[in-house]
Ligand SMILES: [Zn+2]
């Protein structure tokens, strides 16, 4: 018996047994619970679902070539599939991306806004007023004559 799975307006038809005998997921749980239902509809990105559908068809989960790993991770969460089942070829790419994200977040902590810099100057120096004026001149180069001269 076939089921129609409509994702993002696109219908995917496949044999119910492929899902029932496939890996655990939200889709499998729904199909097992709703035995009389033959159409399931989800308002999710269809491009990511193709990889998930292939996971049922082949037993292998790959990260779509043009997918943002974070967006794909969101889809995996929605479909209740762990990223740990990603095939090794794509797991490395996925984990490297997450590691890069973690490094970027740590690195971005070193950057502070100009307002925060100004506030730090005002609080940390006995010459805070002078420093903050110099800072304003340097930061607002388009708006004053002194900055243009600087
Ligand atoms: Zn792969």
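Points worth noting:
- Residues of the range 77-91 satisfying the condition of being more than 9 Å from the ligand (Cβ to nearest atom) and either farther than 20 Å from residue 42 by Cβ or touching a residue at least 12 places away in the same chain (Cβ under 8 Å) (or both): 78, 79, 80, 81, 84, 85
- Residue 69 being at pLDDT below 95, in the same structural domain as residue 8 (by TED's automatic domain parsing) and within 16 Å of the ligand (Cβ to nearest atom): yes
- Here residue 103 qualifies as more than 30 Å from residue 50 (Cβ to Cβ) and at pLDDT 75 or above.
- Condition check for residue 53: within 12 Å of residue 22 (Cβ to Cβ), touching a residue at least 12 places away in the same chain (Cβ under 8 Å) and within 11 Å of the ligand (Cβ to nearest atom): no
The values are calculated or read from the model by the stated rules, or taken from the named source; none is laboratory data. Source: prediction; values computed, not measured. Heads up, the Cβs are rebuilt from the backbone with ideal geometry, glycines too, and the neighbour counts pull from every protein chain shown.
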